[in-house]
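Asks: Before I ask anything, let me first share the structure, which is written out below as structure tokens.
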């Protein structure tokens, strides 16, 4: 009998993406006909204008394109960053477009890190950061969510190579001020530490408070900015993101992109380039509306007796589950099993945030969100839980219980 082929120790050591796992349970429940109030999705459901694909666009789109991204779209993105965020970007050598911001973040880690280098990650942290760091042979080191910026240096060691900052933060919605970004940059560059700024929710800030790291550091020395057309334009399924940095760093990422991706989908790049202004003008208004909806939901949460982490941007809210005596994963699974409410456990975003849950306000109408909040408030206050029910419901939809790996 032939031996069973094993996956590598590196891959065995990383968990599934917990947010994706929750949504897979949701999909399984919906497939059998259940109605689920879905507060777990990482996207806002915009009404994206449909201009169709022209014959010439389709013909060009069937073929490879520049690994840096098509020139037309690079120029448009650079113009957008300059006009809206005050960041000068050379479209020829300071930007690269690829198949979503996720692989670009991973390629940035690969481009900068040597084995054993430490990467500081501020919690609550997007759950793929630490796993991508590990895959790049780095070591993730976490800063608790309540650590002020001035104390980040307490976590520096001789092995610290990079700081990852989500701005605006997914999932809390915090927007870092220009002064905070400048303080962080000075603090890091004195120690030779690079900053990776994930600005994927930059358009979900409506009070003018967003400051791109590129405005603080216009020469891009020691910084990498990653952003997402998929997220900001409400086209998550299209998988188009971009990175901005110095020419040297972009060239390193370019080499990796050539070997791993080749190019972002040519047809979709052409479509966005052709209709960039119209798509942005339509979706930006919708982004502003969902942020206003977020504020309304946050007020409702406060009235229900639950606390949240401070934030004003994105379409997420990070909700404190108070004295709930079980884990946030237990709460998420129980809410799904008993009430068909989908949230993401705060444990997905860091060890210090295990007593939170993430809810998204982009996928459901306000009345359903309010109904879900009422149930969450009641369940957490009463410490209501039924592990046997959770086990039965997971079995019924063919899902195993998620096992949280040590961080």
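Asks: Out of curiosity, is residue 313 modelled with pLDDT under 95 and either assigned to a helix (DSSP H, G or I) or more than 29 Å from residue 175 (Cα to Cα) (or both)?
Replies: Spelling it out, it is not the case that residue 313 is modelled with pLDDT under 95 and either assigned to a helix (DSSP H, G or I) or more than 29 Å from residue 175 (Cα to Cα) (or both).
Asks: Checking residue 248 against (1) without any contact (Cβ under 8 Å) to a residue 24 or more places away in the chain; (2) in contact with a helix residue (DSSP H, G or I) (Cβ under 9 Å, 6 or more places away or on another chain), only one condition comes out false. Which one?
Replies: (2)
Asks: Which of the residues that make up segment 104-135 are in a loop (DSSP other than H, G, I, E, B) and within 25 Å of residue 357 (Cα to Cα)?
Replies: 123, 124, 125, 126, 127
Asks: Something else: Using the structure shown, decide if residue 115 is touching a strand residue (DSSP E or B) at 6+ places or on another chain (Cβ under 6 Å) and either surrounded by fewer than 22 Cβ atoms within 10 Å (Cβ to Cβ) or over 30 Å from residue 72 (Cβ atoms) (or both).
Replies: The answer is no for residue 115.
Asks: While we're here: Quick one: which residue in 58, 53 is part of a helix (DSSP H, G or I) and not assigned by TED's automatic domain parsing to the domain that holds residue 240?
Replies: Answer to the selection: 58.
Matching residues to (1) in contact with a helix residue (DSSP H, G or I) (Cβ under 6 Å, 6 or more places away or on another chain); (2) touching a residue at least 12 places away in the same chain (Cβ under 8 Å); (3) over 15 Å from residue 41 (Cα atoms); (4) not assigned by TED's automatic domain parsing to the domain that holds residue 201:
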| position | (1), (2), (3), (4) |
| --- | --- |
| 316 | no, yes, no, yes |
| 325 | no, yes, yes, yes |
| 328 | yes, yes, yes, yes |
| 337 | yes, yes, yes, yes |
| 348 | yes, yes, no, yes |
| 352 | no, yes, yes, yes |
| 369 | yes, yes, no, yes |
| 374 | no, yes, yes, yes |
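Asks: Filter segment 143-170 for residues that are without any contact (Cβ under 8 Å) to a residue 24 or more places away in the chain and either crowded, with 20+ Cβ neighbours inside 10 Å or not assigned by TED's automatic domain parsing to the domain that holds residue 216 (or both) and give the result.
Replies: Listed by number, the list holds a single entry, 143.
Asks: Looking only at segment 353-376, filter to residues that are more than 17 Å from residue 22 (Cα to Cα) and surrounded by 19 or more Cβ atoms within 10 Å (Cβ to Cβ); which one of those is nearest to the chain's Cα centre (by Cα)?
Replies: Checked segment 353-376; the qualifying residue nearest to the chain's Cα centre (by Cα) is 353.
Asks: Condition first: within 17 Å of the chain's Cα centre (by Cα) and modelled with pLDDT of 95 or more. Now tell me which residues in segment 143-164 satisfy that.
Replies: 163, 164
Asks: Something else now. Does segment 76-88 include one or more residues that are on the phi < 0 side of the Ramachandran plot, within 24 Å of the chain's Cα centre (by Cα), assigned to a loop (DSSP other than H, G, I, E, B) and surrounded by 20 or more Cβ atoms within 10 Å (Cβ to Cβ)?
Replies: The answer is yes; a qualifying residue exists.
Asks: Let me ask something else about it. Out of curiosity, is residue 387 loosely packed, with under 15 Cβ neighbours inside 10 Å, assigned by TED's automatic domain parsing to the domain that holds residue 17 and under 13 Å from residue 330 (Cα atoms)?
Replies: Judged against the criteria, residue 387 is a match.
Asks: Considering only segment 204-294, give the helices (runs of 4 or more DSSP H) lying wholly within it that have at least 2 residues that are outside the structural domain of residue 310 (by TED's automatic domain parsing), at pLDDT 95 or above and surrounded by 20 or more Cβ atoms within 10 Å (Cβ to Cβ).
Replies: Hits in segment 204-294: 213-216, 247-260.
Asks: Could you pull out the residue among 69, 138 that is on the phi > 0 side of the Ramachandran plot, buried (at least 23 other Cβ atoms within 10 Å of the Cβ) and in contact with a strand residue (DSSP E or B) (Cβ under 8 Å, 6 or more places away or on another chain)?
Replies: On inspection, the qualifying residue turns out to be 69.
Asks: Can you tell me which residue within segment 294-307, out of those that are touching a residue at least 60 places away in the same chain (Cβ under 8 Å) and farther than 18 Å from residue 209 by Cβ, is nearest to the chain's Cα centre (by Cα)?
Replies: That would be 297.
The values are calculated or read from the model by the stated rules, or taken from the named source; none is laboratory data. Keep in mind it's a predicted model, so treat the numbers as computed, not measured. With ideal geometry, Cβ positions are generated from the backbone for all residues, glycine too; neighbour counts draw on all protein chains shown.
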